[in-house]
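Chemist: Attaching a single structure in structure tokens format; questions to follow.
The values are calculated or read from the model by the stated rules, or taken from the named source; none is laboratory data. Keep in mind that what you see is a predicted model, and the values were worked out from it rather than measured. Note: ideal-geometry Cβ built from the backbone for every residue, glycine included; neighbour counts use all protein chains shown. We work out accessible area using only protein heavy atoms, side chains counted, and drop any ligands, DNA or RNA first. Shrake-Rupley method; radii C 1.70, N 1.55, O 1.52, S 1.80 Å.
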Amino acid sequence: MKLKETDGEVYGLLTKELDYQKSTLRLIASENYTSRAVMEATGSVLTNKYAEGYPGKRYYAGNKYVDQIETIAIERAKRLFNMPHANVQPHAGASANLAAFFAFLEIGDKFMGLELPHGGHLTHGSPVNFSGKWFRAVAYGVDKETEALDYDAIRKRALEERPKLIICGYTAYPLIINFKAFREICDEIGAVMMADISHFAGLVAGGVYPSPAGYADVITTTTHKTLRGPRGAIIMGRDEERGKMIDKAVFPGLQGGPLEHAIAGKAVCFHEAMQPEFKRYAAQIVKNANALAEELSSQGIRLVAGKTETHLVLLDLTTKGITGKDAQAALEEAGIIVNRNTIPFDTRSPFITSGLRLGTPALTTRGMKESEMKHISGLIVKVLENPNDTELKLRIRGEVEELCKKFPIYADLSY
Ligand code: DSN
């Protein structure tokens with residue numbers, strides 16, 4: 001029986017979510033619209049299969065096709081990111097990072113990562129996360145003036161603290177990372193270099209962001225952000241020795257049965273990301289982020305670090321007299337979906353925040369370009385300047401719907 005007949009309640013909400021995704025502007029930097037092909041693979045019969053182990057070395061029978069699919073995913077990941085080893089089993093970005101820690105650190109070991117309010121991730125040493133609870137996390141930050149990474153200061157801190165591992169790669173940092181500088185720092189103190197490229201993996205695949213391959217010992221990434229695949233993650237190692245450590249950490253270290261339906265979706269996503277069209281897509285993401293940044297800045301919004309070199313723009317709302325939390329809520333009413341974000345040296349809590357993070361991967365998938373980014377920037381500024389004007393927000397909600405109709409997504413999708 002189809003979902004509609006079996007479970008009307010879930011079916012009803014799914015159709016509403018589909019309409020909602022179609023009719024609103026999605027500017028959450030970590031979200032995207034994955035392809036029908038990826039969704040088909042992810043929603044397939046592979047969800048029925050147990051496959052503990054790795055291709056050719058499973059603990060269950062019946063994996064002759066599953067092995068081929070996982071092998072294809074592994075080989076494509078290696079080719080796409082130019083890395084000698086790939087493990088495609090991590091369920092999510094946080095579990096990939098946990099596995100990297102499990103592979104290269106012992107409980108209580110010291111590592112260094114970017115502070116959460118400066119753009120780091122929870123798993124990069126936040127005290128409320130496993131990374132900060134089970135390991136000794138030392139933080140580095142961005143420079144107070146430039147809001148950019150200061151590689152001399154990071155080196156100095158690394159020499160003082162001598163961490164066993166250093167993480168680079170962030171969730172809310174709009175500039176390009178100098179991976180060579182991190183390699184040199186790691187070499188000086190004998191640390192493992194870990195690059196978490198979750199946010200910009202699609203830009204790396206599309207050739208518009210430098211690759212950490214050749215520098216990092218271990219690379220983790222989610223597959224659903226700029227890479228536009230299914231929810232999930234992968235881990236890559238710089239050689240087979242590190243690869244063995246990674247594989248042991250993922251299984252049997254941390255996970256049981258891999259989600260083979262998600263792995264099939266990852267394989268399809270890697271194939272899509274190898275196509276010439278994906279290079280154009282990645283380049284347009286960055287062009288769109290630049291257009292958004294320039295227009296917002298020209299309309300009086302301060303950009304953290306003054307610009308963007310990636311898919312995301314971080315706005316400082318301090319002088320606008322509105323918190324990130326209230327701005328997020330007002331924009332949501334107008335059909336513009338964003339997330340509040342701390343900014344470097346934020347005086348507000350992560351629940352309230354002084355900033356907003358905007359990203360262009362999803363709008364770019366809809367086919368929007370620079371002129372739409374300029375138009376959308378204007379809508380955003382109007383809402384930020386009049387967050388309590390219900391009539392204005394309703395009017396903008398209507399404009400947003402019209403714009404979405406001109407750039408349809410999932411036009412022929414139904415449940
Ligand atoms: N939640 C993701 C993001 O939005 O950046 C990171 O895990």
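Chemist: For segment 72-97, what are the residues that are of a type outside the set (Gly, Ala, Ser) and open to solvent by less than 40 Å² (accessible area, probe 1.4 Å)? Walk me through it before giving the result.
Modeler: So in segment 72-97, the residues of a type outside the set (Gly, Ala, Ser) come out as 72, 74-76, 78-85, 87-91, 97.
Ile74, Leu80, Phe81, Met83, His85, Asn87, Val88, Gln89, Pro90, Asn97 - these are the residues of segment 72-97 that are of a type outside the set (Gly, Ala, Ser) and open to solvent by less than 40 Å² (accessible area, probe 1.4 Å).
Chemist: Now for a separate question. Exactly one condition in (1) surrounded by fewer than 19 Cβ atoms within 10 Å (Cβ to Cβ); (2) within 16 Å of the ligand (Cβ to nearest atom) is false for Ala153; which is it?
Modeler: It is condition (2) that Ala153 fails.
Chemist: Of all residues being of a type in the set (Val, Ile, Thr) and open to solvent by 50 Å² or more (accessible area, probe 1.4 Å) in segment 36-58, which is nearest to the chain's Cα centre (by Cα)? Just the residue, please. Full working, then the answer.
Modeler: Pass one, segment 36-58, residues of a type in the set (Val, Ile, Thr): 38, 42, 45, 47.
Adding the requirement that they be open to solvent by 50 Å² or more (accessible area, probe 1.4 Å) leaves 45, 47.
Working: Val45: 27, Thr47: 24 Å.
Looking at the filtered set, the residue picked out is Thr47.
Chemist: While we're on this one: Report yes if Glu106 is in a loop (DSSP other than H, G, I, E, B), open to solvent by 50 Å² or more (accessible area, probe 1.4 Å) and either of a type in the set (A, V, I, L, M) or closer than 22 Å to Ser354 by Cβ (or both), otherwise no. Quick ask: steps written out before the conclusion?
Modeler: On the way: in a loop (DSSP other than H, G, I, E, B): yes; open to solvent by 50 Å² or more (accessible area, probe 1.4 Å): yes; either of a type in the set (A, V, I, L, M) or closer than 22 Å to Ser354 by Cβ (or both): no.
Here the answer is no, as Glu106 does not meet what is asked.
Chemist: Right, another one. Kindly establish whether Tyr33 is in a loop (DSSP other than H, G, I, E, B), crowded, with 16+ Cβ neighbours inside 10 Å, of a type in the set (Phe, Trp, Tyr) and within 16 Å of the ligand (Cβ to nearest atom).
Modeler: Values: in a loop (DSSP other than H, G, I, E, B): yes; crowded, with 16+ Cβ neighbours inside 10 Å: yes; of a type in the set (Phe, Trp, Tyr): yes; within 16 Å of the ligand (Cβ to nearest atom): yes.
In short, yes.
Chemist: Would you pick out the residues in segment 220-254 that are more than 16 Å from the ligand (Cβ to nearest atom) and surrounded by fewer than 18 Cβ atoms within 10 Å (Cβ to Cβ)?
Modeler: As a first pass, look at segment 220-254 and keep what is more than 16 Å from the ligand (Cβ to nearest atom): 236-254.
Passing the criteria: Asp239, Glu240, Glu241, Lys244, Lys248, Pro252, Gly253.
Chemist: Taking the conditions exactly as written (open to solvent by less than 20 Å² (accessible area, probe 1.4 Å), more than 16 Å from the ligand (Cβ to nearest atom) and of a type outside the set (Asp, Glu)), does Ile352 satisfy them or not?
Modeler: Working: open to solvent by less than 20 Å² (accessible area, probe 1.4 Å): no; more than 16 Å from the ligand (Cβ to nearest atom): yes; of a type outside the set (Asp, Glu): yes.
So Ile352 fails the test.
Chemist: Go over the candidates Tyr54, Tyr50 one by one and state the one that is farther than 30 Å from Thr310 by Cβ and out of contact with any Gly (no Cβ under 9 Å at 6 or more places or on another chain). Full working, then the answer.
Modeler: Numbers: Tyr50 fails: out of contact with any Gly (no Cβ under 9 Å at 6 or more places or on another chain).
Residue meeting the stated conditions: Tyr54.
Chemist: Just the residues that are away from the ligand (no atom under 16 Å from the Cβ) and open to solvent by less than 40 Å² (accessible area, probe 1.4 Å), please, taken from segment 16-30.
Modeler: Residues of segment 16-30 that are away from the ligand (no atom under 16 Å from the Cβ), as a first pass: 16-25.
If the condition is that a residue be away from the ligand (no atom under 16 Å from the Cβ) and open to solvent by less than 40 Å² (accessible area, probe 1.4 Å), then Leu18, Ser23, Thr24, Leu25 are the ones that fit.
Chemist: Okay, moving on. Quick one: in segment 321-346, which of the residues that are among the charged types (D, E, K, R) and closer than 23 Å to Leu116 by Cβ is nearest to the ligand (Cβ to nearest atom)? Let's see the steps before the verdict.
Modeler: First, pick out the residues of segment 321-346 that are among the charged types (D, E, K, R): 325-326, 332-333, 340, 346.
Now narrow it down to the ones that are closer than 23 Å to Leu116 by Cβ: 325-326, 340, 346.
Numbers: Lys325: 16, Asp326: 19, Arg340: 11, Asp346: 16 Å.
Among them, the one singled out is Arg340.
Chemist: Taking only pairs six or more apart or across chains, which ones have beta-carbon atoms under 9 Å, a first residue in segment 392-415 that is over 14 Å from Arg366 (Cα atoms) and among the hydroxyl-bearing types (Ser, Thr, Tyr), and a second residue that is open to solvent by 30 Å² or more (accessible area, probe 1.4 Å) and not in a loop (DSSP other than H, G, I, E, B)?
Modeler: Partner pairs satisfying both residue conditions: Ser414/Thr15; Tyr415/Leu3; Tyr415/Lys4; Tyr415/Tyr11; Tyr415/Leu14; Tyr415/Thr15.
Chemist: A follow-up question, please. Inside segment 97-121, can you point out the residues that are within 16 Å of the ligand (Cβ to nearest atom) and more than 17 Å from Ile219 (Cα to Cα)? Don't jump to the end; show me each part of the working.
Modeler: As a first pass, look at segment 97-121 and keep what is within 16 Å of the ligand (Cβ to nearest atom): 97-101, 113-121.
Once the filter is applied, which keeps residues that are within 16 Å of the ligand (Cβ to nearest atom) and more than 17 Å from Ile219 (Cα to Cα), segment 97-121 yields Glu115, Leu116, Pro117, His118, Gly119.
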